[in-house]
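Below you'll find the structure, written out as structure tokens, and then a few comments.
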Amino acid sequence: MDFSKSLPTYLLKKQNIIRLILFTAAFALVFINLYEPFDVRKWITSYNISELEFFFYSSLIILTGVLVVVLSRVIMYHMAKHGNTISLGRYLIWIGVEIISMSLFYTLYEILILDDPRSFTDAFKISIQNTALVLLIPYTVTWLYFAWIDNKEKLEAMEEGKSDKKDPAGMVVFKDEKGTMRLTIKLEDLLYLQGADNYVTIHYSDHQSHEKFLLRNTLKQLESALKPMDVIRCHRSYMVNFQKVKLIERSKEGLKIKLNTQPLVKIPVSKTYTESIFELFSQSN
């Protein structure tokens, strides 16, 4: 793992920092009232309080500790906003400092307020273990969630072609019959599509190698989306990337399109598509 790598930007977005703080606070409330760390249950017997009062005081204490996270993340946000790079290694150290700071707060509270008989060292060790659970679990969950959302947004932007279907990278997105993205390749690498029943074989080049990808979909479903990219239907079972067309020849078997590839690829042209193919070919020359 490269600890010098910059922290993903989605972790430093304002709305995600707020979500992390709220989720951490909610998790901490559930944690302290179910798991009952820091010997909090003895509050009921020691101070003769009700369950409702116990919930109120325990929640107040845990939320006061979470203020450490609030202050820490506000500082982190403003550092990133002003151009300070936060590496992965620096972020992990940052989390370590948060755990130690919260543990120190809870330890001092136990010893000074609750008159805990344990030594500072023993109480601090237990506090670190409990605080690590309070922070690391929600931190991990939110990181995975934010990463999933970020990837989902990128895929949706790519699929919808927010800028243009012919973007600078010339990417072509192929979806299956359910609308799920299965393959994204550069238009310049796409050769042709071959359909058979409910499947389409995508033929493309990869470093001068002819590759194939089987997609569960039909040519009819793909045709309208690919036509603006000059990926044209030429046969009941074929579509070709017209950028790869070298010439059209007539033989005893009928018209055939020769693609500018090595080795040479020949694609049949049916009578239904002959006129449109010749018209497009004449326009491109």
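The values are calculated or read from the model by the stated rules, or taken from the named source; none is laboratory data. Small disclaimer: the values here were computed from a predicted structure and weren't measured. So basically every Cβ, Gly included, is an ideal-geometry build from the backbone, and we count neighbours across all protein chains shown. Side chains included, ligands, DNA and RNA excluded: accessible areas come from the protein's heavy atoms. Shrake-Rupley method; radii C 1.70, N 1.55, O 1.52, S 1.80 Å.
Close contacts from region 200-219, counting a first residue that is part of a strand (DSSP E or B) and a second that is among the aliphatic types (A, V, I, L, M) and open to solvent by 60 Å² or more (accessible area, probe 1.4 Å), with Cβ to Cβ under 6 Å and a gap of 6+ residues or different chains, come to Thr201/Leu214. The residues listed here are Val69, Val74; of these, the one that is over 22 Å from Ser4 (Cβ atoms) and either open to solvent by less than 20 Å² (accessible area, probe 1.4 Å) or not in a helix (DSSP H, G or I) (or both) is Val69.
Number of residues in region 226-235 that are touching a residue at least 40 places away in the same chain (Cβ under 8 Å) and either farther than 17 Å from Leu259 by Cα or aromatic (Phe, Trp, Tyr) (or both) equals 2. When we screen Lys252, Lys246, Lys258 for residues that are free of Cβ contacts under 8 Å to residues at least 12 places away in the same chain, of a type in the set (Lys, Arg) and more than 12 Å from Leu193 (Cβ to Cβ), the only hit is Lys252. The condition (being within 27 Å of the chain's Cα centre (by Cα) and at pLDDT below 85) is satisfied by just one residue among Glu188, Glu156: Glu156. Is there a residue being among the acidic types (Asp, Glu), at pLDDT 85 or above and open to solvent by 20 Å² or more (accessible area, probe 1.4 Å) anywhere in region 198-219? The answer is yes; a qualifying residue exists.
A quick yes/no check of all residues on (1) under 41 Å from the mean Cα position of the chain (by Cα); (2) open to solvent by less than 40 Å² (accessible area, probe 1.4 Å):
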position	(1), (2)
Met239	yes, yes
Lys244	yes, no
Glu249	no, no
Ile257	yes, yes
Val265	yes, yes
